[in-house]
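Readers should treat all values here as calculations from the given coordinates under stated rules, not as data from a laboratory. Remember, it's a predicted structure, so these values are computed and weren't measured experimentally.
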Amino acid sequence: MLWIVLVLSGVLEAVWASALAASKGFRRPGPTVVFVAALFVSMAGLALAMTGLPTGTAYAVWVGIGATLTVAWGMLTGRERATWGRSLLLVLLVGCVAGLKAVS
């Protein structure tokens, strides 16, 4: 159950990071509200997951999921350039995150 919470919290990390960029320095209220809500729930989920998972592993998985989804979203929306190198590095990042779960 804690792994599910952790994965969902990682997804919400990507949501708040994208909303933060869309808020344009907190000048746009809609994305700012999404940022605050997603940040709160994401951090609460991470904190809950850390009650039963190793801290380093939980944090690395959370960041890995959030970073991967944030970059992937940027590529899909055209805000970031998609290249073979970047895509390969994202695949490697996902592999490392899965490896941390496998050995924990």
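Quick look at the values:
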read-out	value
For the chain, the fraction of alpha-carbon pairs in successive 5 Å shells from zero, as %	3, 14, 20, 21, 18, 14, 9, 2, 0
Residue of Trp84, Trp73, Trp62 that the Gaussian network model of the chain assigns the largest fluctuation, springs spanning Cα pairs under 10 Å	Trp84
Karplus (6.51, -1.76, 1.60) ³J(HN,Hα), θ = phi - 60°, over segment 30-35, in Hz, Gly and Pro reported as x	x, x, 5, 5, 4, 4
Amide H contacts under 5 Å for Glu80, placed H, 5+ residues apart	Met75
